[in-house]
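The values are calculated or read from the model by the stated rules, or taken from the named source; none is laboratory data. Just so we're clear, the structure is a prediction, and the values are computed from it rather than from any experiment. Here the Cβ positions follow ideal geometry from the backbone for every residue, glycine too, while neighbour counts run over all protein chains shown.
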Amino acid sequence: MVFGAVVGFAKLVACGPYRELYALAQEARVDYVWLERHEHTEGPDCWVLRDIRRLPRPVPMAGHLGLFRPPVEFAERWLTWLNDHPVAA
């Protein structure tokens, strides 16, 4: 396991107690049905991520608790790399 490194980027699109997210998704007609049976849906809160992209290798960075926005230069460099290397379909 790697510590003190960024391993990828993702968009956080929802966060909260699973039951509330599921109920809100049904009202908004958002497809979160998969949440109910996903192997990692447990605990008091659930994070729903989209556009998850792994970096080619762990990139050292000082630790942070929870989610954070990386320095602009870092994000620009690696997001450019990710855009130049699309995920194979």
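Structure notes:
- Leading residue by the ranking (nearest to the chain's Cα centre (by Cα)) among those in the range 45-80 that are under 19 Å from V13 (Cβ atoms) and in a loop (DSSP other than H, G, I, E, B): L67
- The one condition from (1) at pLDDT 85 or above; (2) surrounded by 13 or more Cβ atoms within 10 Å (Cβ to Cβ) that V48 does not meet is (1).
Residue-wise test of (1) at pLDDT below 75; (2) assigned to a loop (DSSP other than H, G, I, E, B); (3) within 24 Å of G4 (Cα to Cα); (4) of a type in the set (D, E).
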| position | (1), (2), (3), (4) |
| --- | --- |
| R19 | yes, no, no, no |
| A23 | yes, no, no, no |
| E27 | yes, no, no, yes |
| L35 | yes, no, no, no |
| G43 | yes, yes, no, no |
| L82 | no, no, yes, no |
| V87 | yes, yes, no, no |
